[in-house]
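Here is the structure we will look at, set down as structure tokens.
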Amino acid sequence: MPRFKKILLVLLPLILSVYGGCSGKEIDASLPPASLLVQCQKLGQKNKHEKAINCLETLKGRYPGSPEAIEADLYIADNQFRQKEYLLATETYRNFIKLNPVHPKLDYAYYRTGLSYLKETPKAIDRDQQYLDDAINYFEILLKYYPYSQYTEINKEKWEEARRRVASRIYYVGRFYYRTGEYIAAIPRFEEVYQNYPALGIDEQALYYLALSHIKLSQKTEALGIFNILESRFPAGRYAKRLTGKLGL
């Protein structure tokens with residue numbers, strides 16, 4: 001056997017033991033809970049999310065009931081979120097909320113639950129939007145019960161985004177019915193947008209097509225009423241001007 005191969009065979013177990021030891025040291029379960037939590041967080045920061053989750057589960061098992069073990073669920077959910085396992089993250093955040101109803105980080109858990117539901121929802125309005133209502137509900141809990149939270153501003157932005165996407169979906173359905181001549185079906189969709197989702201950039205168009213739908217149904221009185229609302233709420237808008245000719249004004 002060549003000398004090089006003999007040396008390699010002698011050194012190989014040593015090399016493997018060294019690298020194996022380094023890998024094993026990423027999780028040192030003998031550490032006190034605060035230090036172990038820091039170790040777990042560092043793994044997550046290095047995008048080693050599965051190892052971070054395993055580390056946090058180790059922490060929960062070794063120090064049950066400790067403040068660090070309680071918070072571990074939040075960090076587990078954060079790592080699931082970063083892996084784009086959004087529904088799994090919602091379950092973990094919600095479990096934290098259920099088990100810790102007076103925890104000082106409850107506002108964070110509510111915000112992240114809403115954000116996870118929002119992330120799970122496709123942005124294309126012709127795709128399934130079933131989790132938008134859940135996102136809005138959790139954002140609204142934070143707005144109502146934690147008005148001074150450090151997450152209030154970003155939470156409000158995401159709440160408005162979720163509501164805008166719901167309104168866009170309803171408006172999209174209304175436009176579909178309008179294009180296909182189903183004006184009676186279109187009317188309640190446009191009404192819902194301008195009544196329930198104001199100031200999101202869609203209500204002006206919704207009022208316009210609501211008036212057009214009434215015109216198509218020869219309901220001029222109703223169309224005039226909508227025109228008056230449109231003109232008063234958007235005096236400088238282009239849609240009220242478009243309606244004047246259609247109404248013979």
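A short reminder: the numbers here are calculations on the coordinates, not readings from a lab. Just so we're clear, the structure is a prediction, and the values are computed from it rather than from any experiment. Virtual Cβ from ideal backbone geometry, glycine too; neighbours counted across all protein chains shown.
Note on the chain: dipole from Cβ charges, positive end direction compared against Tyr131, Ile27, Tyr194; the farthest Cα belongs to Ile27.
The C-alpha atoms of the chain define a longest principal axis, and helix 203-216 lies at about 40 degrees to it. Could you tell me which residue out of Leu207, Val38, Ile184 lies farthest along the dipole of the chain toward its positive end? Charges go on the beta carbon: Lys and Arg +1, Asp and Glu -1, centred on the Cα centre. Toward the positive end, the furthest listed residue is Val38.
Backbone phi angles across the stretch 35-41, fed through the Karplus curve with coefficients 6.51, -1.76 and 1.60 (θ = phi - 60°), yield HN-Hα couplings of 5, 5, 4, 4, 4, 5, 5 Hz in residue order; Gly and Pro are listed as x. Across the stretch 119-249, counting alpha-carbon atoms alone, Rg and Dmax equal 16.9, 53 Å. Principal-axis analysis of the Cα atoms of the chain puts helix 3-24 at an angle of about 50° to the longest axis.
Beta carbons within 10 angstrom, averaged per residue: use that to sort the peptides 144-157, 47-60, highest first.
On the way: 144-157: 12.9, 47-60: 19.2.
Listed from highest to lowest mean packing, they are 47-60, 144-157.
Peptides 216-227, 183-194 ranked from most to least packed by the mean count of surrounding Cβ atoms within 10 Å: 183-194, 216-227. Of all the Cα-Cα pairs you can form in the stretch 181-249, what percent are over 14 Å apart? The proportion of pairs with Cα distances above 14 Å equals 53 percent. All C-alpha pair distances within the stretch 155-220, sorted into 5 Å bins from zero, spread as 4, 21, 30, 21, 12, 7, 4, 2, 0 percent across the bins. Taking the C-alpha atoms only, the angle from helix 238-247 to the longest principal axis of the chain is near 30 degrees.
Counting pairs of alpha carbon atoms under 8 Å apart in space and at least six apart in sequence, what relative contact order in percent does the chain give?
Details: 275 pairs, mean separation 20.9, N = 249.
Relative contact order for the chain comes out at 8 percent.
Of the cross-linked pairs Lys119/Lys156; Lys51/Lys98; Lys123/Lys156, which ones have a Cα-Cα span greater than 24 Å in the structure shown?
Lys51/Lys98, as the Cα separations exceed 24 Å there.
Our coupling estimate for the stretch 222-230, obtained by passing each phi through the Karplus curve with A = 6.51, B = -1.76, C = 1.60 and θ = phi - 60°, is 5, 5, 5, x, 5, 4, 5, 5, 4 Hz, Gly and Pro reported as x.
Hey, how much of the P(r) for the stretch 101-189 falls beyond 18 Å, as a percent of Cα pairs? Working shown, then result.
Numbers: 1945 of 3916 pairs.
Percentage above 18 Å: 50.
Averaging the Cα positions of each part gives two centres, and for the stretch 209-249 and the stretch 134-150 these lie 37 Å apart.
Charges only on Cβ, +1 for Lys and Arg, -1 for Asp and Glu: so what's the dipole of the chain about the Cα centre, in debye to the nearest 20? List each step's numbers first, then the result.
Details: 36 positive and 28 negative charges, 201 e Å.
Once rounded to the nearest 20, the dipole reads 960 debye.
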